[in-house]
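Contents: one structure, followed by commentary.
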Amino acid sequence: MKDLTKCGLIVCFFLLTVCTARAGWNEASIEKTITGAAEAMTDLPRTKDPGAVLRFYSEDYTGINDGEWETMEEMKNSFSDLVGQMNLGRSLDISYSVSNITVHATGSTGWATYDFSVRIGVSGEVLTDAAGKCTGIYIKEKTAWLILHEHCSSIGDGGTEETQNPQETI
């Protein structure tokens, strides 16, 4: 009977270890999806390949950016416009970074929060300069974690003194 109990405890310990490791693996994979999408966005001017960014997104993607609804089709059109500008000889500069990523996963669904900073310029003209917070929903499709939905909100106007010290402007 003692051997049976000992065997049962070993099996339970093994299953707990495997399940915990698997959960950590899923969370790490989601974090890689978030950072990979940011890196691919920053590399877009060099690669001119929107697919390198879009591969991190589900075909069913929807998003809300500063209150504006976005679909996968609209995202593809935006990338097409940016690549078109580059093909016309206009220089494109993108800097997109993420930080403070917190991830949770259960089964084939995950969610995360993170901070972002983005600056996009075309031929020296700044089109976007923003920083803020995002919440994302992720799904596992086959072996990859993809972004299904994101809700991102900018904080201020990209880091002027007024937005860095909001209590001083009240």
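Taking segment 126-144 as the range and being modelled with pLDDT of 95 or more and among the polar types (S, T, N, Q) as the test, only Thr135 passes. Residues in segment 129-142 that are open to solvent by 10 Å² or more (accessible area, probe 1.4 Å) and either acidic (Asp, Glu) or touching a Ser or Thr at 6+ places or on another chain (Cβ under 9 Å) (or both): Asp129, Ala130, Ala131, Lys133, Thr135, Ile137, Ile139, Lys140, Glu141. Scanning segment 104-152 for residues that are closer than 30 Å to Gly89 by Cβ and assigned to a loop (DSSP other than H, G, I, E, B) turns up Ser123, Gly124. Can we say Asp66 is more than 20 Å from Trp25 (Cα to Cα) and over 17 Å from the mean Cα position of the chain (by Cα)? When the stated conditions are applied, Asp66 does not pass them. Would you confirm, using the coordinates I've provided, whether Asp93 is in contact with a Gly (Cβ under 8 Å, 6 or more places away or on another chain), part of a strand (DSSP E or B) and open to solvent by 60 Å² or more (accessible area, probe 1.4 Å)? Yes. Restricting attention to segment 96-116, and to residues there that are in contact (Cβ under 8 Å) with a residue 40 or more places away in the chain and in contact with a Gly (Cβ under 8 Å, 6 or more places away or on another chain), which single residue is farthest from Asn26 (Cα to Cα)? Checking each candidate, the answer is Phe116. Kindly indicate whether any position in segment 54-64 is modelled with pLDDT of 95 or more, assigned to a strand (DSSP E or B), within 21 Å of Gly136 (Cα to Cα) and among the hydrophobic types (A, V, I, L, M, F, W, C). Yes: segment 54-64 contains one or more residues that are modelled with pLDDT of 95 or more, assigned to a strand (DSSP E or B), within 21 Å of Gly136 (Cα to Cα) and among the hydrophobic types (A, V, I, L, M, F, W, C). A single member of Lys32, Lys76 is touching a helix residue (DSSP H, G or I) at 6+ places or on another chain (Cβ under 8 Å), open to solvent by 60 Å² or more (accessible area, probe 1.4 Å) and assigned to a helix (DSSP H, G or I), and it is Lys76. Mind checking whether some residue in segment 153-165 is open to solvent by less than 60 Å² (accessible area, probe 1.4 Å), part of a strand (DSSP E or B), among the β-branched types (Val, Ile, Thr) and modelled with pLDDT under 90? No: zero hits. Kindly establish whether Arg119 is at pLDDT below 90 and among the charged types (D, E, K, R). So Arg119 does not fit the description; no. How do the pairs read when you match residues in segment 66-83 that are over 17 Å from Phe56 (Cα atoms) with residues anywhere that are open to solvent by 70 Å² or more (accessible area, probe 1.4 Å) and modelled with pLDDT under 95, using Cβ under 7 Å and keeping only pairs 6 or more apart or on different chains? Short answer, once both residue conditions are applied: Val83/Lys48.
The values are calculated or read from the model by the stated rules, or taken from the named source; none is laboratory data. Given the structure is predicted, the values throughout are model-derived calculations rather than measurements. Using ideal geometry, Cβ is built from the backbone for each residue, glycine included, and neighbour counts are taken over all protein chains shown. In case anyone asks, the SASA skips ligands and DNA or RNA and just uses the protein heavy atoms, side chains included. Shrake-Rupley method; radii C 1.70, N 1.55, O 1.52, S 1.80 Å.
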